[in-house]
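What follows is a short report on a single structure.
The values are calculated or read from the model by the stated rules, or taken from the named source; none is laboratory data. What you see is a predicted model, and the numbers here were worked out from it, not measured in a lab. Here Cβ is always computed from backbone atoms with ideal geometry, including for glycine, and neighbour counts include all displayed protein chains.
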Amino acid sequence: MSGEAAGSSVLRVRNLVKRYGDAVAVDGVGFDVREAEIFSLLGHSGCGKSTTLRMVAGLEEPDGGSIELRGTAVSDAARGIHVPAERRNVGLVFQSYAIWPHMTVFENVAYPLTARRRGHADIRRRVLEMCEVVGMEAFVDRPSTALSGGQQQRVALARAMVYEPDILLLDEPFSNLDAKLREEMRLQLQLLQARFNTTVVYVTHDQTEALALSHRIAVMRDGAVEQIGAPEDIYRNPASFFVQSFVGRVVVLRGEIREAGDVQLPAGPDAVLPGAGAGFSGRAVRVAVRPEDIFLPGTSAPRGAIWIEGRIEARSYGGDHMDYTVAVDGAEFGLRLAKNAAFAPGEAIRLGFAAEAARLWPA
Ligand SMILES: Nc1ncnc2c1ncn2[C@@H]1O[C@H](COP(=O)(O)OP(=O)(O)O)[C@@H](O)[C@H]1O
Ligand SMILES: [Mg+2]
């Protein structure tokens, strides 16, 4: 696991722990966030993402561990250090629209600067610039109540960035927006981040979003970090079965370990992964293959491919492709194929993959 940053890190989190009564919400989380990167905390609902982010923001006090922002300890449970949120130079945007309804767009974005007692001319210049950056320059005098959800989150983003915080903390900021707008906002965030070299920690439960947006991702599970890496690392070299099945799609087959460590797949009489089971204890393994590594018999099938037998359960038309539900050895999975590959429900299907494309995990 590569939690260590190569370059300068803006944020260092070490061994962070947070308990609520007997429940451990965050259980020894550690990571570094580098200058000018988008770093995502990705995991299922309840795995401790928001609690971690709130501790970084200073809104929650850790029960254990430490947080360093630009080299300064802002939380250290052992040393009794806890710098309150308003004295940490962080920008925050949450899922719920947290802009103030009784203020105009201008007043909302200006607020952090007013609170920091900046001069009028400076405030005006900065606010108008940020409103332009997020595409809200035509709305500066609008009352915030007269804004759509997407516009409100743009204002929240402008307000969080207007005083150039050391780090921008975003907790599922676009998840209340519809899919198309969410994608638009995601793109805008990427442009904004690149333009200002902002350092961002982005919390999401959506693996597609994390893959698309992040320079690096920390995959979290049950209050702990399971793997840290670039999106391609996480996708191609998952550290666990959990990570492989959570990030991206995966076909999972049962494998039985035979003598000499060969792995037999019940899904095909000749489907044997030679020696692949060496080093596993027990008789059973899970064999995981990405759907894009699966091919049909014919043209491009390489020599030595592993062949499995399945049946088409259902299909749905997707315009430029067909989505099939395939049953293999009691497991069902989705398979996306070119439109010209026409199979009917009930039909038997033979699927192949290269032995190297299979990852084995303890059953
Ligand atoms: N204020 C709180 N009081 C009690 N339990 C909490 C509180 N905040 C979070 N939790 C619990 O801590 C765990 C992690 O929550 P959270 O960090 O919000 O997860 P996520 O953001 O990944 O969905 C959950 O089990 C949640 O119920
Ligand atoms: Mg959350």
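Data overview
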| item | result |
| --- | --- |
| Hits in the stretch 7-39 (condition: under 15 Å from L168 (Cβ atoms) and of a type in the set (K, R)) | R34 |
| Test for S66: is it within 16 Å of ligand 2 (Cβ to nearest atom) and out of contact with any Pro (no Cβ under 6 Å at 6 or more places or on another chain) | no |
| The stretch 47-68, residues that are buried (at least 23 other Cβ atoms within 10 Å of the Cβ), touching a residue at least 60 places away in the same chain (Cβ under 8 Å) and more than 10 Å from ligand 1 (Cβ to nearest atom) | V56 |
| Count - residues of the stretch 142-156 that are assigned to a loop (DSSP other than H, G, I, E, B) and among the hydroxyl-bearing types (S, T, Y) | 1 |
| Selection count where residues are surrounded by fewer than 19 Cβ atoms within 10 Å (Cβ to Cβ) and either within 23 Å of F174 (Cα to Cα) or acidic (D, E) (or both), scope the stretch 212-241 | 7 |
| Test: V243 is under 30 Å from N340 (Cα atoms), touching a helix residue (DSSP H, G or I) at 6+ places or on another chain (Cβ under 7 Å) and of a type outside the set (D, E) | no |
| Meets criteria (in contact with a Leu (Cβ under 9 Å, 6 or more places away or on another chain), small (G, A, S) and either more than 16 Å from ligand 2 (Cβ to nearest atom) or in the same structural domain as R186 (by TED's automatic domain parsing) (or both)) for A57 | yes |
| Complete set of residues in the stretch 161-219 that are within 12 Å of the chain's Cα centre (by Cα) and among the polar types (S, T, N, Q) | T204, Q207, T208, S214 |
| Residues being surrounded by 15 or more Cβ atoms within 10 Å (Cβ to Cβ) and assigned to a loop (DSSP other than H, G, I, E, B) - total across the stretch 302-328 | 1 |
| Residue ID - nearest to A224 (Cα to Cα), chosen from residues in the stretch 69-82 that are part of a strand (DSSP E or B) and either in contact with an Asp or Glu (Cβ under 8 Å, 6 or more places away or on another chain) or within 16 Å of ligand 2 (Cβ to nearest atom) (or both) | S75 |
| Residue match in the stretch 53-67 (condition: polar (S, T, N, Q), part of a strand (DSSP E or B), within 22 Å of R87 (Cα to Cα) and at pLDDT below 95) | no |
| Checklist (1) farther than 27 Å from I257 by Cα; (2) in contact with a strand residue (DSSP E or B) (Cβ under 6 Å, 6 or more places away or on another chain); (3) at pLDDT 95 or above applied to H321, failing item | (3) |
| Among residues of the stretch 83-141, those that are assigned to a helix (DSSP H, G or I), small (G, A, S) and under 21 Å from V56 (Cβ atoms), counted | 2 |
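This table checks each residue for (1) within 16 Å of ligand 1 (Cβ to nearest atom); (2) buried (at least 22 other Cβ atoms within 10 Å of the Cβ).
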{"site": "L16", "(1), (2)": "yes, yes"}
{"site": "I38", "(1), (2)": "no, yes"}
{"site": "S45", "(1), (2)": "yes, no"}
{"site": "D76", "(1), (2)": "no, no"}
{"site": "E107", "(1), (2)": "no, no"}
{"site": "A110", "(1), (2)": "no, yes"}
